[in-house]
Amino acid sequence: MHGSSDNIKRRGLMLVISAPSGAGKTTLSKLLIENDQHLRASISVTTRKKRPGEVDGKDYHFVDTAKFKQMVKDNAFMEYAEIFGNFYGTPKDAVEKFLEVGEDVVFDIDWQGHRRLVATTREDVTSVFILPPSKQELYKRLKLRHHDEEGVAAFRQERANDEISHWHEYDYVIINKGLNESFNKLLSILRAERLKKNRRTGLPAFIRDLLKQEV
Ligand code: 5GP
């Protein structure tokens, strides 16, 4: 319930993971969520077309532009951005509820979204930037993913440098040479961040009690 093994109540954190397309970010955040019971995925809303294998409500909430614009008007997003000609937004609704009960939320968003979240909720955000070991590896993975969308892949390769140029805005950087190694690094970050005193809202009471104890 509290997300730490010592039962001290804590506030959840917002784990933002960004990377150029093809660096392994989506695979890594899915692995994290599958393996840690206190992690929830923030499911973004997007106007881009569903790719084969993607599930509405799981990978994204797929909507049309009119619906997206209405949600913007309704102030339904923590942040939103236009990327590759499509809109992407982080819905507000569930996040605060999770944080309050000590559940962490993972955000697979770009540098624009990260900037916005840092501007509004710095204390809650821990961010990780994932880099590919080389351009060649990145392009190989992009081509694999977009074998039926060559044009899109080429366009995204151009965008990779732009995304990479924002690496220094993040708290941590992982060079993704292997899934296992990167996954373990992410877990270490998460475990350390969960112990940060400012998030551990139950600590003052615990310490008051500790100081009162006499032996
Ligand atoms: P894709 O279309 O490949 O799933 O995602 C394209 C880019 O949009 C990725 O860099 C992804 O992290 C980013 N993205 C996905 N959802 C959001 C969101 O809600 N907000 C922002 N700012 N970026 C997002």
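How long, wide and thick is the chain, going by the Cα atoms along their three principal axes, in whole angstroms, largest first?
Here the Cα extents, ordered largest to smallest, are 72, 41, 29 Å.
Under a point-charge model restricted to the Cβ atoms of Lys and Arg (+1) and Asp and Glu (-1), what is the dipole moment magnitude of segment 14-197 relative to its Cα centre, in debye to the nearest 20? Mind showing how you got there, number by number?
Working: 29 positive and 29 negative charges, 52 e Å.
That gives a dipole near 260 debye.
As a test of the formula, what do you get for the chain when each DSSP H run with n ≥ 4 contributes -39,500 (n - 2.57) and the sum is divided by the residue count, at 222 nm and rounded to the nearest 500 deg cm²/dmol?
Rounded to the nearest 500, it is -13000 deg cm²/dmol.
If you count only protein heavy atoms with a 1.4 Å probe, what accessible area per residue comes out for the chain, rounded to a whole Å²?
56
So, with a 1.4 angstrom probe, what is the percent of accessible area on the chain that is carbon and sulfur?
53
Quick check: the angle from helix 179-194's long axis to the longest principal axis of the chain, C-alpha only, nearest 10 degrees?
For helix 179-194, the angle is close to 40 degrees.
Any idea which of PHE129, ASN86, VAL45 is furthest toward the positive side of the dipole for the chain, if Lys and Arg beta-carbons carry +1 and Asp and Glu beta-carbons -1?
Checked the options; the winner is PHE129.
Counting alpha carbon pairs within less than 8 Å and at least 6 residues apart, what relative contact order, in whole percent, applies to segment 14-197?
32
Scan around ARG11 for amide H atoms under 5 Å from its own, H built in the peptide plane at 1.01 Å from N, and keep only partners 5 or more places away or cross-chain.
ARG200, THR201
Enumerate the calculated ³J(HN,Hα) couplings along segment 12-24 in order (Karplus 6.51 cos²θ - 1.76 cosθ + 1.60, θ = phi - 60°), each rounded to whole Hz, writing x wherever the residue is Gly or Pro.
Running phi through 6.51 cos²θ - 1.76 cosθ + 1.60 with θ = phi - 60° gives x, 10, 9, 8, 9, 10, 10, 5, x, 3, x, 7, x Hz.
The values are calculated or read from the model by the stated rules, or taken from the named source; none is laboratory data. Keep in mind it's a predicted model, so treat the numbers as computed, not measured. No Cβ is skipped: glycine too gets one built from the backbone with ideal geometry, and neighbour counts run over all protein chains shown. Quick note on the areas: whole protein, heavy atoms, side chains included, nothing else; ligands and nucleic acids left out. Shrake-Rupley method; radii C 1.70, N 1.55, O 1.52, S 1.80 Å.
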